[in-house]
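Let me begin by presenting the structure, written as structure tokens, before commenting on it.
The values are calculated or read from the model by the stated rules, or taken from the named source; none is laboratory data. Because the structure is predicted, anything quoted here is derived from the model rather than measured. Note that we place each Cβ from the backbone using ideal geometry, even for glycine, and neighbour counts take in every protein chain shown. Remember, those area values only see protein heavy atoms, side chains included, never the ligands or the DNA or RNA. Shrake-Rupley method; radii C 1.70, N 1.55, O 1.52, S 1.80 Å.
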Amino acid sequence: MGNELKVPTMAELFASGQQPEVLFWVGCAGSFDDRAKKITKAFIKILNKANVSFAVLGTEESCSGDPAKRAGNEFLFQMQAVTNIEVMNAYEVKKIVTTCPHCFNTLKNEYPELGGDYQVVHHTQFINQLLEDGKISLNGGSYKGKKITYHDPCYLGRANNVYEAPRDLIKKLDAELVEMKNCRSKGLCCGAGGAQMFKEPEKGEQDINVKRTEEAIEVKPDIVAAGCPFCNTMMTDGVKAKEKESSIAVLDIAELIANAEDL
């Protein structure tokens with residue numbers, strides 16, 4: 001699969017005097033987590049199909065610093081952020097797209113005060129724009145008429161008010177969008193934010209991801225759509241805990257679009 005994916009690095013393009021329109025910030029999950037790598041590949045397929053001029057930092061990309069900051073290690077966050085900012089400013093980066101709302105929020109809202117001013121967009125916004133500009137076209141394909149419920153990532157929804165782009169994309173698939181009882185600004189966290197992704201939950205009556213999955217199951221979807229690699233992991237684990245993996249798929253919006261496009 002990797003053979004036909006064109007993924008230039010900023011270093012390669014810079015060496016040949018080229019400047020891509022956008023930097024695709026892959027993020028730790030999209031780089032190292034086997035499940036999230038599929039989201040990365042799906043998004044790159046879309047970028048290639050649309051002939052978008054993009055590049056990645058590759059080995060020059062470090063963690064955005066979001067987990068460190070949320071866990072209370074401000075010093076480590078600033079070290080990671082400043083390293084990334086120096087690299088991106090050296091490449092004169094202007095616009096960044098990322099598939100991770102944690103990276104999105106951190107790069108957009110917390111890098112400017114450290115000297116990193118960029119136009120940062122989430123991949124659902126970017127894909128929506130590609131469709132509006134006619135760079136790619138959709139035919140609902142295998143998702144036509146399917147019931148899809150969308151889980152709002154905290155850092156995309158409540159933190160940055162991005163609610164419509166992912167929903168617009170689901171509707172463009174000719175799918176039936178069914179909302180959970182807690183959605184949009186009242187969306188329930190998947191349980192992974194605030195660096196919780198990397199530790200076991202505290203004792204309580206129920207894991208948050210299982211509670212959120214129950215809300216998804218209530219609306220009887222064929223697919224739970226997510227826009228965040230952490231949410232994807234937590235909802236997938238929730239679906240497994242409820243023994244519904246044979247009837248409910250958990251997919252990122254980029255995967256839905258890439259599959260529907262038959263890229």
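If Asp207 satisfies every condition in (1) of a type outside the set (A, V, I, L, M, F, W, C); (2) more than 19 Å from Asp34 (Cβ to Cβ); (3) open to solvent by 30 Å² or more (accessible area, probe 1.4 Å); (4) touching a strand residue (DSSP E or B) at 6+ places or on another chain (Cβ under 9 Å) but one, which is the exception?
(4)
Looking only at the range 48-64, filter to residues that are within 13 Å of Ile96 (Cα to Cα) and among the β-branched types (Val, Ile, Thr); which one of those is surrounded by the most Cβ atoms within 10 Å (Cβ to Cβ)?
For the range 48-64, the residue satisfying everything is Val56.
Sort through Pro101, Pro166 and tell me the only one that's in contact with a Pro (Cβ under 6 Å, 6 or more places away or on another chain), under 25 Å from Cys28 (Cβ atoms) and open to solvent by less than 50 Å² (accessible area, probe 1.4 Å).
After ruling out the rest, the residue left standing is Pro101.
If we keep just the residues of the range 181-195 that are closer than 24 Å to Arg70 by Cβ, assigned to a loop (DSSP other than H, G, I, E, B) and not small (Gly, Ala, Ser), which is least open to solvent (accessible area, probe 1.4 Å)?
Cys190
When you look at Glu92, is it acidic (Asp, Glu) and in a loop (DSSP other than H, G, I, E, B), yes or no?
yes
Consider the range 8-24. How many of its residues are of a type outside the set (Phe, Trp, Tyr) and open to solvent by 60 Å² or more (accessible area, probe 1.4 Å)?
7
Looking at the range 106-125, which of its residues are crowded, with 23+ Cβ neighbours inside 10 Å, within 11 Å of the chain's Cα centre (by Cα) and assigned to a helix (DSSP H, G or I)?
His123, Thr124
A quick yes/no check of all residues on (1) assigned to a loop (DSSP other than H, G, I, E, B); (2) open to solvent by less than 70 Å² (accessible area, probe 1.4 Å); (3) over 26 Å from Arg70 (Cα atoms); (4) assigned by TED's automatic domain parsing to the domain that holds Gly30:
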site	(1), (2), (3), (4)
Glu179	yes, yes, yes, no
Met197	no, yes, no, no
Lys203	yes, no, no, no
Lys211	no, no, no, no
Ile217	no, yes, yes, no
Lys220	yes, no, yes, no
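From the list Asn161, Asn232, which one is among the polar types (S, T, N, Q) and either within 20 Å of Glu132 (Cβ to Cβ) or free of Cβ contacts under 8 Å to residues at least 12 places away in the same chain (or both)?
Asn161
Given the conditions (1) among the charged types (D, E, K, R); (2) buried (at least 19 other Cβ atoms within 10 Å of the Cβ); (3) under 25 Å from Ser137 (Cβ atoms); (4) in contact with a Ser or Thr (Cβ under 6 Å, 6 or more places away or on another chain), and given that Lys45 satisfies all but one, which numbered condition is not satisfied?
Result: Lys45 passes all but (4).
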